1. In the stretch 93-108, which residues are of a type outside the set (D, E) and either surrounded by fewer than 19 Cβ atoms within 10 Å (Cβ to Cβ) or in a helix (DSSP H, G or I) (or both)?
2. When the stretch 42-59 is examined, which residues are found to be hydrophobic (A, V, I, L, M, F, W, C) and surrounded by 15 or more Cβ atoms within 10 Å (Cβ to Cβ)?
3. Mind listing whichever residues of the stretch 80-95 are touching a residue at least 60 places away in the same chain (Cβ under 8 Å) and among the hydroxyl-bearing types (S, T, Y)?
4. Can you name every residue in the stretch 60-77 that is buried (at least 23 other Cβ atoms within 10 Å of the Cβ) and at pLDDT 95 or above?
5. Considering N81, N119, which residue is among the polar types (S, T, N, Q), within 23 Å of E57 (Cβ to Cβ) and under 15 Å from the mean Cα position of the chain (by Cα)?
6. Answer yes or no: is there a residue in the stretch 106-123 that is at pLDDT 95 or above, within 24 Å of E37 (Cα to Cα) and touching a Phe, Trp or Tyr at 6+ places or on another chain (Cβ under 7 Å).
7. Residues of the stretch 1-11 being of a type outside the set (F, W, Y) and modelled with pLDDT of 95 or more, which ones?
8. I'd like the full set of residues that are touching a Cys at 6+ places or on another chain (Cβ under 8 Å) and not in a loop (DSSP other than H, G, I, E, B), limited to the stretch 2-30.
Amino acid sequence: MKIYLCGFMGCGKSRIGRELAKKTGMRFADLDEYIVEHEKMPIPEIFECFGEPHFRELEAKYIREMPDNSVVALGGGAIINENTAKTAKQTGKVVFLDADFETCYGRIKNDSNRPLAYNNPKEKVRELFDTRRPIYTERADIITDADGTPIQIIERIRKSL
C-alpha cells in the first residue's frame with residue numbers, strides 16, 4: 001500500500017507525509033528528493049537545463065520506484081502528468097491536501113528551490129494554483145482540508161483511509 005500526497009507547492013505534503021508515515025509505521029519518500037538524488041542535480045537546474053516537460057517525465061519514471069508500504073510526497077505538478085497520476089492511482093491512494101492559495105504562497109514565495117514560484121510574479125503563481133486545483137480534485141481518491149495542525153490533518157487523512 002502506498003499513500004500519495006498531492007497538492008500545490010507549500011500545502012504541506014512533505015511535512016504531513018513524514019508525520020503520517022511515523023504515525024502509521026510506514027516509510028516516507030519524497031519524490032522530488034528522490035529525483036534530485038538520482039539525477040544528481042537540483043530541481044531548478046533540471047528546469048533550467050532541460051525544461052519542465054523533462055522534469056515531468058522524470059516524475060513519471062521515478063514514481064514507479066517508490067517503495068511499498070510508504071507515504072509519498074509528490075511534487076506540486078506531479079499528479080498533473082497523466083502517466084504519473086495513472087501510476088499513483090494503480091499503486092495506492094491519492095490524497096489531495098487542499099490548502100488555500102495565500103497559505104501556500106506565503107510558504108513558497110522566497111524559496112529558490114521552487115522555480116515555478118520563485119521566478120514568477122504572485123499573479124502567475126495564482127493562475128497556476130487555479131489551473132491545478134481542479135486537476136488535483138479530479139485525480140484524488142481523498143480530498144483533505146489542509147488547514148489546521150499537522151496532527152489534525154493527519155487524523156483527517158487516517159479517518160478517510
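The values are calculated or read from the model by the stated rules, or taken from the named source; none is laboratory data. Everything numeric in this text was worked out from a predicted model, so none of it was measured. Using ideal geometry, Cβ is built from the backbone for each residue, glycine included, and neighbour counts are taken over all protein chains shown.
1. K93, F101, T103, C104, Y105, G106, R107, I108
2. I43, I46, F47, F55, L58
3. Answer for the stretch 80-95, where residues must be touching a residue at least 60 places away in the same chain (Cβ under 8 Å) and among the hydroxyl-bearing types (S, T, Y): just T91.
4. Correct list: I63, V71, V72, A73, L74.
5. None of the others qualify; the one that does is N81.
6. Checking the stretch 106-123: not a single residue is at pLDDT 95 or above, within 24 Å of E37 (Cα to Cα) and touching a Phe, Trp or Tyr at 6+ places or on another chain (Cβ under 7 Å).
7. Within the stretch 1-11, K2, I3, L5, C6, G7, C11 meet the criteria.
8. Scanning the stretch 2-30 gives a single hit, K13.
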